[in-house]
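Colleague: Following this message is one structure expressed as structure tokens.
Laboratory data are not the source of any read-out in this text; all were calculated from the coordinates shown. From a predicted model like this one, the values you see are computed outputs, not experimental measurements. Here the Cβ positions follow ideal geometry from the backbone for every residue, glycine too, while neighbour counts run over all protein chains shown.
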There are 2 protein chains.
Amino acid sequence: MTTMRTVPDASVARLPVYLGALGVLADRGDRTVSSDQLAEVAGVSAAKLRKDLSYLGSNGIRGVGYDVLLLMERISEALGLTSEWSVAVIGAGNLGQALAGYDGFAERGFKVQAILDDDAHVIGTRVADHVVQDLAELERIVGEKHIAIGIIAVPAVSAQQVCDELVAAGVQSILSFAPTVLQVPHGVTVRRADLSTELQILAFHADKEKL
Amino acid sequence: MTTMRTVPDASVARLPVYLGALGVLADRGDRTVSSDQLAEVAGVSAAKLRKDLSYLGSNGIRGVGYDVLLLMERISEALGLTSEWSVAVIGAGNLGQALAGYDGFAERGFKVQAILDDDAHVIGTRVADHVVQDLAELERIVGEKHIAIGIIAVPAVSAQQVCDELVAAGVQSILSFAPTVLQVPHGVTVRRADLSTELQILAFHADKEKL
DNA sequence: ATCTGTGAATTTCTTCACAGCA
DNA sequence: TGCTGTGAAGAAATTCACAGAT
């Protein structure tokens, strides 16, 4: 059993960025990369990058840099990406459909196993390569497909209820696109991907730019 | 000219959440709210909420709480949401289409004025209530429609080029859904809304939960 | 009596700067 | 020499705790 170093949240949030940047370098055939180079591509300072990697007990070579593939391996391990994660999308509206068919998920080891909705008009229709299933079947599907992550793409008014159902079915990790704050019990992690919130933060900065 | 208090980034990122929470309270008919109540709904601590609001030079009433509508007004002002912002969506794939038709934007004062793509098969088709326009027309459209914010919903390989074109056309605020880091000149703000990154961060936490 | 607004204390995050290894 | 890894310093964000307004 290793020391189980606690990686700070701020660092965890950057690891996927480094992984993506390393992927680009790997595709380009680079075997090694220095912290300066990688930091440049990832859009952070070199010191921050090195500090972040040090939490992984990392493995650079002094005087040389990091082995690209090895570092990708280390980061993937740290993030828990060594095996595939099963995901369910709740809500088969425009956004839910786009998410269910999003190639980027599969490329990074997230398999959309099901898309569900509670609208009888939508249940049974095809989306990407799935048939939309009845939300009432959620608990069975979560169990059978070993769903670990739920993506909420329903209107704000339904989001809390869908969230409660996901939690009741045993899902402990939720990505919500609904513009509301979700209340969950301890042990459940929710990340908000609220598109309007992002625009509002941009508006703040845009407003400052104006003379 | 006011003191131009600098609101910390961390606070700015929470203001939209407070605004949303206040909207729910307002719809419910509440006239005032205490920091404890609002913090509960917004999912933050009461101390943090009060500190955040204090950066707006805010206006609660001791012994009572905050006037809901007045506080919404104050936050909207601080975020620069007092007038409507014009937005263009670049990329008319699944995600771009979903974004162009997303009601949440309009509800919060962001008007999607155009959706553009560079694929001849897609240009001219209808999406939501827009006709997809040629990306080559970007600069003209940005000027005519006074586009202040660009949303990038194109594949990773095209993202940097589209970003450069937006910047060249005068857009200084960009929300990118592409899973890459974008390089931009000073004065341009980019926010990443990388869906895979969010799942990877969730995976980290989900992995920790496992016994 | 209640609840805000805020200095002060604390914790977390970032940057600095350099010792130490290849 | 060149670049990593990391203590120490510094900055930012959060929490505490209470003075002060209503």
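Colleague: Hey, got the dipole for region A:96-195? About the Cα centre, +1 on K and R Cβ, -1 on D and E Cβ, debye to the nearest 20? Don't skip to the end; give the middle numbers.
Modeller: Numbers: 7 positive and 13 negative charges, 71 e Å.
The calculation lands at about 340 debye.
Colleague: Also, quick follow-up: Report the one residue of B:29, B:58, B:79 whose Cα lies farthest in the direction of the positive end of the charge dipole of region B:4-79 (charges on C-beta: Lys and Arg +1, Asp and Glu -1; origin at the Cα centre).
Modeller: Working it through, the farthest residue towards the positive pole turns out to be B:58.
Colleague: Okay, next question. Take B:146, A:130, A:186 and order them by how many other Cβ atoms sit within 10 Å, fewest up front. Don't skip to the answer; put the middle values down first.
Modeller: Values: B:146 12, A:130 18, A:186 4.
Listed from fewest to most nearby Cβ atoms, that is A:186, B:146, A:130.
Colleague: Can you pull the one-decimal nm distance between simple spin-label points at residue A:83 and residue B:129, each 7 Å off the Cα toward Cβ?
Modeller: Spacing of the two 7 Å Cα→Cβ label points: 5.0 nm.
Colleague: Okay, moving on. Given DSSP loops and a limit of at most 13 other Cβ atoms within 10 Å, what is the longest stretch of chain A that contains no such trypsin sites (Lys or Arg not before Pro)?
Modeller: On the way: sites that count: A:5, A:28, A:31, A:62, A:210.
Answer - A:63-209.
Colleague: Taking a threshold of 23 Å on the Cα-Cα distance, which of the pairs A:208/B:111; A:51/B:51; A:51/A:111 fall above it? It would help to have the intermediate numbers written out before the result.
Modeller: Working: A:208/B:111 20 Å; A:51/B:51 30 Å; A:51/A:111 32 Å.
Flagged as over cut-off: A:51/B:51; A:51/A:111.
Colleague: Okay, next question. To the nearest Å, what is the center-to-center distance of region B:110-170 and region A:122-195, using C-alpha atoms only?
Modeller: 32
Colleague: Which helices pass in chain A if a helix is a full DSSP H run, must span at least 15 angstrom along its long axis by Cα, and must have mean Kyte-Doolittle hydropathy not below 1.6?
Modeller: Values: long enough: A:9-27 (28 Å, 1.00); A:68-79 (17 Å, 1.28); A:156-168 (19 Å, 0.73); A:195-209 (21 Å, -0.02).
Sorted by number, there is nothing, because no helix extends far enough and scores high enough.
Colleague: Additional query: Using the Cα centre as the reference, give the magnitude of the dipole from point charges on the C-beta atoms of region A:37-170 (Lys, Arg: +1; Asp, Glu: -1; all else neutral), rounded to the nearest 20 debye.
Modeller: Here the size comes out at about 760 debye.
Colleague: Dipole size in debye (nearest 20) for the protein assembly as shown around its Cα centre, Lys and Arg Cβ +1, Asp and Glu Cβ -1? Don't skip to the end; give the middle numbers.
Modeller: Numbers: 36 positive and 52 negative charges, 317 e Å.
Value, rounded to 20: 1520 debye.
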